[in-house]
Each structure stands twice: as structure tokens, then as C-alpha cells.
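These notes concern the structure reproduced below.
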Amino acid sequence: MHPDSHETATGEPAGDEIIAPLPRVTLQAFCETPAVAATMQAAVADRRMDKAHARIQMGGPAAAVEAFRSAPTPNIIVLEAVADPATLVAHLEALSESCDAGTKVVVIGHVNDVQLYRDLMRRGVSEYLIAPLEPLDVLRTLSELYVAPEARNLGRVIAVMGAKGGVGASTVAHNLSWAIARNLDASTVIVDLDIAFGTAGLNFNQDPPQGIAEAVFAPERLDSNLLDRLLSRCSDNLALLAAPAVLDRTIDLEEEALEQLLELLRASVPCIVLDVPHQWSAWVKRTLLGADEIVVVAEPELASLRNAKNLIDLSRATRPNDALARLVLNRVGVPKRPEINAAEFSKALGVEVLSTIPFDAQLFGTAANNGQMIAEVQAGAKATEAFIQIASMLTGRGEAKRNRRSLLEPLVAKLKRRKAS
């Protein structure tokens, strides 16, 4: 019946819950109260409903029966019912006479009645929700209509983007993915989206012959087997989808260019970290706002503050059912440089600073030149601790025990077997 609450007090998804985006489906909702209609409007405006075509109207089950007497039914019908159970059942029987095969029906009721629930299930209703409810309740239910139970452990997508060029967002993304994989024991893929100038291959000391270009420029060829071949292994728990970093073509991608790639990754590994380039195009915006977590990396200076505020405000406006974008202050404490302190930065943006990473030219320079992560150069450095803290906050995981054996996910496990052969 009404799903257990999986939200925090702010309405954000809690812990590791990931709600999968809906496929390209049609949906019509017939509401009877303004509160449920408003909830449905908020749900269909969510990023996870981008592909769906939805229409919300009033009138309840009676209006649905009338609407579909001579019109084809959509993939999903959502009905709010305030009448007695007998009237609801009568409307459902009338509706069943015109429902197309495959149409799923979700009922939103106002009574917690087990007998009614069982009766509705016997009549083929997909789910019964009890009002009042939140947009996430609706989204979770609609998503589960199309996600098989064995595929519901979807990977979490973390998008890392710099507030401006040169703030070290790629370094943060790479070390964050390392911390998730090594310290939190979660199989992770780092995806370098800066196809022309990406540095992930250099930072992980990898030079794979193939990478993300093959995935995004020929999406019709992309499947799990090809994706497996495109990934290169950086460690037991970490794989890299590298950028070619060549200028043989311009990067004029379609807005939805990365969707198939991300769907495959979500189904294969628990954590995907996107190193998002500092540019603003349709595909960058869609990819950034479609992530489960957004990390904005800034330096403590004015241009970073302005740009970070723009990104966080956009996140706040377009992702009402998600956590706000997170703020990481990098390169803090550059000698003789006037800086905006973290408290002022946080107040101006209206968000807490997730972590501050101290400037250390020697440490970061050595790691970059050696193709190593910060933890490999200096395990006890403050920056190393900061990356572990960021990883824990973003994934909801505590630091794993060092002697615990990794449970590798399919893609990373395949990489290990292939490399050993």
C-alpha cells in the first residue's frame, strides 16, 4: 500500500535510495482534490520524468471512464478516488472495458483499507497509494512499474563540475572516485566527459586505445559488451572511461547523447563519477542536472562565487525533489592571495561547504606529474582526508574495513578477468 517513507525531513531522498528515470511512456492522471493534483504536477515536472509525456486533469475515475470510451489509453493511468470503495470498483470495471493491453493503473485513495487494497490488486491495479503523499512517493511508484526487482539496485551518478576553469574540479573528481573505490569499497567508474582535453588518463597513468568517444559518437553500437571493452582498470574497484584528448573532431553532441551510456553504467556499477567539463551546452546541462548528486568545485574568490551561485540556484530551481548541489572549496590558502572565507562563501550561496581542500603545490604537483592519486603520494594528507569525507557524504557510506574483500560488480569483474587472461 502506501510505501514506507524514504525521505529526510527536507523531502530529499535519504541514504542510498536511487529512483530510476521513467522510459518514454504516456501518463494521464485524473485527480479529485487540489492537493493531489499539485503533487502530481510536481512529480511530472521532476527530472526523472523528462522522457515521459504526462497530462494532469481533474474529474477522478468518472472522468477517466468518459475520456477513454473512444480514445486509446496511455501507458499509465493515475486515478484519485475520494468516493466509497464500491463506486471506485464500479468505475474500474467500466474503465477495464476500454483499457488497452499493457496499460497500468495506479490508484490514489484517502482510506487505509486492507480489504480494498486486496480487491484492487485482484482487479489488476498496479499500486494503491494513500494521500496525502509527496512527489517522491509518486515518482518511486511510477519508476517501480518499469524497473524489474532484480535491477533496482541502480548506480548513483555523481557529477563534478568546476565553477570556472582551473579550479581543480577534475582533480577532485578523480580523487573522489579513488576514495569511493578504495576507502569505501564500492565498485566505481570515473567517466571523463572532457573529450578533447580530458586529464583522467594522465592522472591515473592510463593510455587506453578506446574510451568515451566510441560510446558517444556511435551510440547505436553501444551495449554492455562494448562498454566493457571501452573501460580500463585503474585498481581492483575502479575503472576508467577515458577521453581521447585529441582534436580530430569538434564535440557537438546532441542533448541526449550520454543517456544510453549512463543507463548502462547505472545498471552495472554502484557508483559513477562524471568529470564534467567547464562549458555550457545542452548535453552538459542535461547531464549535470540529471545526476543524483551534483558537486560544484570552486576557489575562494569572486568569479567562483558568482558562478557557483548560478549553478546552485539552477539546481535549486530545477531539482526540487533532489538534494541541492554540494559545494567543495578547493585550493584554499594560496600564499599571499586574498580569499573569501568559507563562512562568507557559504552564506552567499545559501549552502553549507561540504569540504575545504587546502592548497599544497608540492603534493598535488607530484601526484599529477606521477600519474597518481593524492592518497598514493601521501596517505595521511589533509587533502586525502577531505576526499574520504566527501566520498562518505555523497554515498552515505562509512569507511570500509581495509581487510574486507571487495564484491566487484559485473563490469569491473569482467575487466579483472580480461586483464588476467
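Mind scanning Lys347/Lys382; Lys164/Lys309; Lys309/Lys347 and naming the pairs with a C-alpha gap bigger than 21 Å? Checking Cα-Cα distances, Lys347/Lys382 exceed 21 Å. When the Cα positions of Thr318, Leu258, Leu95 are compared along the charge dipole of the chain, Leu258 comes out farthest toward the positive end, with charges on each C-beta of Lys, Arg, Asp and Glu. Pull up the DSSP beta bridges for the chain and report the antiparallel fraction as a percent, rounded to 5. Antiparallel: roughly 10 percent of the beta bridges in the chain. If you run the Gaussian network model on the chain, springs between alpha carbon atoms under 10 Å, then out of Arg266, Arg55, Arg233 the most flexible one is Arg55.
So, with +1 on the Cβ of K and R and -1 on the Cβ of D and E, and no other charges, what is the size of the charge dipole of the stretch 86-177 about its Cα centre, to the nearest 20 debye? Write out the running numbers ahead of the final one.
On the way: 8 positive and 10 negative charges, 98 e Å.
Dipole of the stretch 86-177, to the nearest 20 debye: 460 debye.
Accessible surface for Glu17 stands near 40 Å², nearest 10, in the context of the full protein assembly shown (1.4 Å probe). When Tyr146, Tyr117, Tyr128 are compared by accessible area of protein heavy atoms, the largest-first order is Tyr146, Tyr117, Tyr128, using a 1.4 Å probe. Taking Arg48, Arg326, Arg249, Arg397 and ordering them by how much accessible surface each has at a 1.4 Å probe, largest first, produces Arg249, Arg397, Arg326, Arg48.
Of the solvent-accessible surface of the stretch 119-193, computed with a 1.4 Å probe and all protein chains present, 45% belongs to carbon and sulfur. Per-residue surface analysis assigns Trp280 an accessible area of about 130 Å², computed on protein heavy atoms at 1.4 Å probe radius.
The accessible surface of the stretch 270-340, taken with every protein chain in place and a 1.4 Å probe, is 59 percent carbon and sulfur.
Of interest is the spacing of the C-alpha centroids, which for the stretch 218-282 and the stretch 12-84 amounts to 32 Å. When Glu97, Glu66 are compared by accessible area of protein heavy atoms, the largest-first order is Glu97, Glu66, using a 1.4 Å probe. In the elastic network of the chain, a GNM with C-alpha springs shorter than 10 Å, the most mobile of Pro244, Pro21, Pro34 is Pro34. Taken over the stretch 50-97, the ratio of Cα radius of gyration to 2.2 N^0.38 Å equals 1.18.
Under the rule a/c < 1.5 gives rounded, and otherwise a/b versus b/c splits prolate from oblate, where does the stretch 229-377 land using the Cα gyration tensor? Oblate.
For the chain, what is the accessible area per residue in Å² when the probe is 1.4 Å? Before the final figure, lay out the partial values.
Working: 19280 Å² over 421 residues.
Averaged over the residues of the chain, the accessible area is 46 Å².
The values are calculated or read from the model by the stated rules, or taken from the named source; none is laboratory data. Here the structure is a predicted model, which means the values were calculated and not measured. Backbone-built Cβ (ideal geometry, glycine too); neighbour counts: all protein chains shown. Areas reflect the complete protein model, heavy atoms only, side chains present, ligands, DNA and RNA absent. Shrake-Rupley method; radii C 1.70, N 1.55, O 1.52, S 1.80 Å.
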